[in-house]
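Q: My questions all concern the structure below.
The values are calculated or read from the model by the stated rules, or taken from the named source; none is laboratory data. Since this is a predicted model, take the numbers as computed values, not measurements. Please note: Cβ atoms are built from the backbone with ideal geometry, for glycine as well, and neighbour counts cover all protein chains shown. Surface areas here come from the heavy atoms of the whole protein model, side chains and all, with no ligands, DNA or RNA. Shrake-Rupley method; radii C 1.70, N 1.55, O 1.52, S 1.80 Å.
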Amino acid sequence: MNCKTIFITGASSGFGAACARIFAAEGNRLILTARRIDPLLKLQEALGTEAEVHIIPLDVRDREAVQGAVEGLPERFRTVDILINNAGLALGLEPAHRVDLDDWETMVDTNIKGVMYCTRFVLPGMVARNHGHIVNISSTAGDWPYPGGNVYGGTKAFVTQFSRNLRCDLLGTRVRVSCIQPGMAETEFSAVRFKGDSDKAAGVYQGTEPLSADDIAETVRWVTCQPPHVNVNTLELMSIDQTWGPFAIHRKQK
Ligand code: NDP
Ligand code: 8X3
């Protein structure tokens, strides 16, 4: 297999770390980024000599830092073949009229602006080389509303539509764009959403067999391994234990 250079945001846990493991096992060159450096270092150690790894402590909300990270890549890591825009989070499950506005802003800054910044700084190189693949991690929440999903779902709807619009801009190039929309998957996601309340987080997955981070990594790997003329646009997946709900109807008390 050809060694590819793969830039992963949010590689310190969950889907991002699982993507690092699956692509390392195939001998690719990895750029691993997240805010927390310790889990990145542990991951690098665990990957051993399987893959060449370059670690960057990076907050995707910081536009200048993202620009600096991409422009400052060492020579061997400069030709990014695949960008996995994975860093993201949900905060809270409160109804819109009670939500903490700071949480909304954090989700917008991370899930929308972070994806914009990473894409904007990595994409010109891909277009110049007429080769590359951007994989955006959206969510079922981008298409399907649920109570408390308010701005989180809105940010993921952005990711889905941004991915489609990128495809339009890139028509005529060999740069591919794919959007993955996972449903419920057990990672640190719920612990982050419930701000460290581990019982509440565990309750989300209780009695179910949720998707795993490895399931998502395998999906990302599959999408990127298609022949170069095949572009997987949007791919939604869920645990067998999850489907859509019926419309909710409020009935007046008699
Ligand atoms: P995790 O909480 O396990 O991982 C989230 C990753 O994002 C961490 O590595 C975290 O690293 C990183 N991150 C968060 N904020 C920032 C930031 N400002 N700058 C850089 N990195 C950041 O959750 P998942 O692996 O589940 O989530 C990955 C993606 O998948 C997210 O976009 C999420 O919305 C999406 N998703 C998750 C689903 C699920 O049910 N788990 C389902 C559908 C989509 P650090 O804290 O070190 O910065
Ligand atoms: C994460 C899945 O259903 O918690 O994007 O929004 S959900």
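Q: Could you give the accessible area per residue of the chain, probe 1.4 Å, as a whole number in Å²?
A: For the chain, the per-residue accessible area is 52 Å².
Q: Normalise the Cα radius of gyration of the range 41-142 by 2.2 N^0.38 Å (N = residues in it) and let me know the number. Write down the numbers at each step before the final one.
A: On the way: Rg = 16.1 Å, N = 102, 2.2 N^0.38 = 12.8 Å.
So the range 41-142 has a normalised radius of gyration of 1.26.
Q: With axes computed from alpha carbons, what is the tilt in degrees of helix 213-224 against the longest principal axis of the chain, rounded to the nearest 10 within 0 to 90?
A: Helix 213-224 sits at roughly 50 degrees to that axis.
Q: Per the 1.4 Å probe, what fraction of the accessible area of the chain, in percent, lies on carbon and sulfur atoms?
A: About 53 percent, which is the carbon plus sulfur part of the accessible surface.
Q: Test of understanding: what is the full-extension gain from R164 to E236, defined as 0.36 nm times their sequence separation minus their Cα-Cα distance?
A: Additional length available on full extension: 24.5 nm.
Q: May I pose another question? Treating the Cα atoms of the range 162-254 as identical point scatterers in vacuum, please give the log10 of the normalised Debye intensity I(q)/I(0) at q = 0.10, 0.19, 0.20, 0.25 Å⁻¹, two decimals.
A: Taken in order of the listed q values, log10 I(q)/I(0) reads -0.43, -0.97, -1.01, -1.21.
Q: Further, regarding this structure: Just the number, please: Stokes-Einstein D of the chain in µm²/s, Kirkwood Rh from C-alpha pairs, 4 °C, 1.567 mPa s.
A: Result for D is 69 µm²/s.
Q: In addition: Could you let me know the centre-to-centre spacing of the range 18-48 and the range 109-184, using Cα atoms, in angstrom?
A: 22 Å
Q: List the residues of the range 63-106 whose backbone N lies under 14 Å from a point placed 7 Å from the Cα of D197 along the Cα-to-Cβ direction.
A: Residues 91-95, 99-100 fall inside that zone.
Q: Size of the dipole of the chain about the Cα centre, Lys and Arg at +1 and Asp and Glu at -1 on the beta carbon, nothing else charged, in debye to 20?
A: For the chain, the charge dipole is close to 740 debye.
Q: Determine the gain in length on full extension of the stretch V204-C3; use 0.36 nm per residue of separation and subtract their C-alpha separation, reporting nm with one decimal.
A: 68.5 nm
Q: Going down the table (K42/K156; K4/K42; K113/K200), which pairs top 26 Å between alpha carbons? Provide the component values of the computation, followed by the final result.
A: Working: K42/K156 29 Å; K4/K42 22 Å; K113/K200 28 Å.
Beyond 26 Å between Cα atoms: K42/K156; K113/K200.
Q: On a full-extension model of 0.36 nm per residue, what is the gain between Y146 and I249, subtracting their alpha-carbon distance, rounded to one decimal in nm? Intermediate values should be presented prior to the final figure.
A: Working: separation 103, 0.36 × 103 = 37.08 nm, distance 1.33 nm.
The Y146-I249 span can extend by a further 35.8 nm.
Q: What do you get for the angle between helix 14-25 and the principal long axis of the chain? Use alpha-carbon atoms, 0 to 90 degrees, nearest ten.
A: Compared with the principal axis, the helix lies near 30 degrees.
Q: Along the charge dipole of the range 5-237, Cβ charges K/R +1 and D/E -1, which of L237, Y146, A65 sits furthest on the positive end?
A: Value: A65.
Q: Moving on to the next point. Mind pulling the angle between the C-alpha long axis of helix 150-169 and the longest principal axis of the chain? Nearest 10 degrees, somewhere in 0 to 90.
A: 40 degrees
Q: Given labels modelled 7 Å from the Cα in the Cβ direction, how far is it in nm from E64 to R120?
A: A separation of 1.5 nm, rounded to one decimal place.
Q: Also, I was wondering about something else. Compare K42, K200, K254, K113 by solvent-accessible area with a 1.4 Å probe and give them largest first, with all protein chains kept in place. Write out the running numbers ahead of the final one.
A: Values: K42 145, K200 110, K254 245, K113 75 Å².
Output order, biggest surface exposure first: K254, K42, K200, K113.
Q: Additional query: Once you've got the GNM for the chain with C-alpha springs shorter than 10 Å, pick whichever of G142, G203, G14 has the biggest mean-square fluctuation.
A: So, out of G142, G203, G14, the one fluctuating most is G203.
Q: Report the one residue of A201, C225, P182 whose Cα lies farthest in the direction of the positive end of the charge dipole of the range 5-237 (charges on C-beta: Lys and Arg +1, Asp and Glu -1; origin at the Cα centre).
A: C225
Q: Taking R0 as 25 Å, what FRET efficiency do you get between A25 and R78 from their Cβ-Cβ distance, rounded to the nearest 0.05?
A: E(calc), rounded to 0.05, equals 0.60.
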